[in-house]
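Student: What follows is a single structure, and I will ask about it in a moment.
The values are calculated or read from the model by the stated rules, or taken from the named source; none is laboratory data. Quick caveat: nothing in here was measured; it's all calculated off a predicted structure. So basically every Cβ, Gly included, is an ideal-geometry build from the backbone, and we count neighbours across all protein chains shown.
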Amino acid sequence: MTVLASHDTLSGDIAPDYPLLLTGGVCLDDGRTIFVRTVIKTLNDKDVRHCVVLKYDGSGWQSFLINNGITSQYASNVNGWTLHSLGYNGIIHVSSQDSESEEIIDGSRFGPSKLRWMYDIKQIGGQLCAVGMSRMAYRQDSSGTWNQLGRGAEVTDLVDIEACFRSIAGFSDDHLIAVGTKGEIWQCCNGVWQQMESPTNVILHGVLCCDDGTAYACGAAGVVLRLSNNSCTVVDNDETDDHLWGISWFKGSVFIAGSNAVYKIDDNRLRKVDMGIKPTTSYLYSSSNILWSVGSSDICWFDGSTWKQLFLPKFPARL
């Protein structure tokens, strides 16, 4: 496997000769800053693990390269800005305005490996949490050490070898929800994981916990679930049977994205949003006044009334 130099600067004003594939991102709660992770298609086809991170702050673009495959990110306003980029192998790249460092999630036999990918990182109750294959779940303590998060979800039988937590969310640091393969939904209360009954067996890609105590999950075949009072029901959906990847809370409503459209839950029914444009979509990220949409080739933002497109910068033709 070829590797690239860590954090190489790519900014420039010459059109690239390499096409980029957008794979997700994260935003700051400042109403203007978004980090978009991308891969260079030609390198991705050759299994070169890398991630080009694009940062837009309302005035211009910056970019850097991470020599690892990144599956999820978390951004905060600490030290101006700090970005945690979760590698599939459990290495977390921590980038800020002035420094770069790495953290490693538990490397024990239960930890990440070539067969056990990490998929999602979020801050819940003031602490970073990360989840992945084999229902692995970790939380970072105040000293910066990553420890196993809760007990009871561990895979102990080869029949569950493909079991996975794809996404995690939480109402508090002692009430978490994780979703994954085969429609699995798990709750962790006071350090104990328990599986909830699920009305579906398709993979669930995202989960969201709302301030009213209700949670929502989305996944394959257009499935959207509503979780409330320890029960789970299917949200009516006549709009799409596409994979639903992104889910976010914005201005009192739940928004969900497939590969070619954004939807909104209205009266417990999924309804397609008229964006006024036709971009690629997949992932959603919200601040207090902006909802961001990132698709395979497009970035858009919504202020509550109008959708607008943010066009990619140009980079020097190298690599």
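Student: Residues of the stretch 230-280 being more than 22 Å from the chain's Cα centre (by Cα), over 23 Å from Pro199 (Cα atoms) and of a type in the set (Val, Ile, Thr), which ones?
Tutor: The one that is more than 22 Å from the chain's Cα centre (by Cα), over 23 Å from Pro199 (Cα atoms) and of a type in the set (Val, Ile, Thr): Ile277.
Student: Please return the ranges of strands (runs of 3 or more DSSP E) entirely within the stretch 1-68 where 1 or more residues are among the polar types (S, T, N, Q) and either more than 24 Å from Phe250 (Cα to Cα) or modelled with pLDDT under 95 (or both).
Tutor: 34-40, 61-66
Student: Of (1) of a type in the set (S, T, N, Q); (2) farther than 14 Å from Tyr88 by Cα; (3) touching a Gly at 6+ places or on another chain (Cβ under 9 Å), Ser167 satisfies all except one. Which?
Tutor: (2)
Student: Out of the residues in the stretch 150-176 that are in contact with a Cys (Cβ under 6 Å, 6 or more places away or on another chain) and within 19 Å of Leu244 (Cβ to Cβ), which is surrounded by the fewest Cβ atoms within 10 Å (Cβ to Cβ)?
Tutor: Of everything passing the filter in the stretch 150-176, Ala169 is surrounded by the fewest Cβ atoms within 10 Å (Cβ to Cβ).
Student: Also, quick follow-up: State all residues of the stretch 64-94 that are among the small types (Gly, Ala, Ser), within 17 Å of the chain's Cα centre (by Cα) and under 21 Å from Thr33 (Cβ atoms); if no residue qualifies, say none.
Tutor: Ser72, Ala75, Ser76, Ser85
Student: For residues that are closer than 15 Å to Cys51 by Cα and either aromatic (Phe, Trp, Tyr) or surrounded by 16 or more Cβ atoms within 10 Å (Cβ to Cβ) (or both), tally how many sit in the stretch 91-108.
Tutor: So the answer is 4.
Student: Residues of the stretch 69-87 being touching a residue at least 40 places away in the same chain (Cβ under 8 Å) and either part of a loop (DSSP other than H, G, I, E, B) or over 18 Å from Thr23 (Cβ atoms) (or both), which ones?
Tutor: Of everything in the stretch 69-87, those that are touching a residue at least 40 places away in the same chain (Cβ under 8 Å) and either part of a loop (DSSP other than H, G, I, E, B) or over 18 Å from Thr23 (Cβ atoms) (or both) turn out to be Ser76, Asn77, Trp81.
Student: Quick test for you: out of Asp242, Asp266, Asp236, pick the one residue that is more than 30 Å from Gln62 (Cα to Cα), surrounded by fewer than 14 Cβ atoms within 10 Å (Cβ to Cβ), without any contact (Cβ under 8 Å) to a residue 24 or more places away in the chain and not β-branched (Val, Ile, Thr).
Tutor: One residue alone meets the criteria, Asp266.
Student: Kindly indicate whether any position in the stretch 248-256 is surrounded by 14 or more Cβ atoms within 10 Å (Cβ to Cβ), touching a Phe, Trp or Tyr at 6+ places or on another chain (Cβ under 9 Å) and more than 26 Å from Tyr119 (Cα to Cα).
Tutor: So far as the stretch 248-256 goes, no, none of its residues is surrounded by 14 or more Cβ atoms within 10 Å (Cβ to Cβ), touching a Phe, Trp or Tyr at 6+ places or on another chain (Cβ under 9 Å) and more than 26 Å from Tyr119 (Cα to Cα).
Student: Now, a different point. Scan the strands (runs of 3 or more DSSP E) fully inside the stretch 257-319 and keep the ones with 1 or more residues being at pLDDT 95 or above and closer than 16 Å to Cys27 by Cβ.
Tutor: Here the list reads 262-266, 283-286, 291-294, 299-302, 307-310.
Student: Give me the pairs, please: first residue somewhere in the stretch 129-141 and closer than 11 Å to Gly180 by Cα and in contact (Cβ under 8 Å) with a residue 12 or more places away in the chain, second residue anywhere and hydroxyl-bearing (Ser, Thr, Tyr) and assigned to a strand (DSSP E or B), beta-carbon distance under 6 Å, and either six or more positions apart or on two chains.
Tutor: Taking only residues 6 or more apart or on different chains, the pairs are Gly132/Tyr119.
Student: Same structure again: Restricting attention to strands (runs of 3 or more DSSP E) lying wholly within the stretch 163-250, give those where 1 or more residues are over 21 Å from Leu270 (Cβ atoms).
Tutor: Those strands (runs of 3 or more DSSP E) span 165-172, 175-180, 185-189, 192-196.
Student: May I ask you to list the residues in the stretch 69-84 that are buried (at least 19 other Cβ atoms within 10 Å of the Cβ) and either at pLDDT below 95 or of a type outside the set (S, T, N, Q) (or both)?
Tutor: Those that are buried (at least 19 other Cβ atoms within 10 Å of the Cβ) and either at pLDDT below 95 or of a type outside the set (S, T, N, Q) (or both): Gly69, Ile70, Tyr74, Ala75, Leu83, His84.
The rows are residues; the columns are (1) surrounded by 16 or more Cβ atoms within 10 Å (Cβ to Cβ); (2) among the β-branched types (Val, Ile, Thr); (3) out of contact with any Leu (no Cβ under 7 Å at 6 or more places or on another chain).
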residue: Ala220; (1), (2), (3): yes, no, yes
residue: Asn230; (1), (2), (3): no, no, yes
residue: Ser286; (1), (2), (3): yes, no, yes
residue: Ile299; (1), (2), (3): yes, yes, no
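Student: Please find, among Val48, Val52, the residue that is touching a residue at least 12 places away in the same chain (Cβ under 8 Å), surrounded by 19 or more Cβ atoms within 10 Å (Cβ to Cβ), of a type in the set (A, V, I, L, M, F, W, C) and over 30 Å from Asp141 (Cβ atoms).
Tutor: Testing whether each residue is touching a residue at least 12 places away in the same chain (Cβ under 8 Å), surrounded by 19 or more Cβ atoms within 10 Å (Cβ to Cβ), of a type in the set (A, V, I, L, M, F, W, C) and over 30 Å from Asp141 (Cβ atoms) leaves just Val52.
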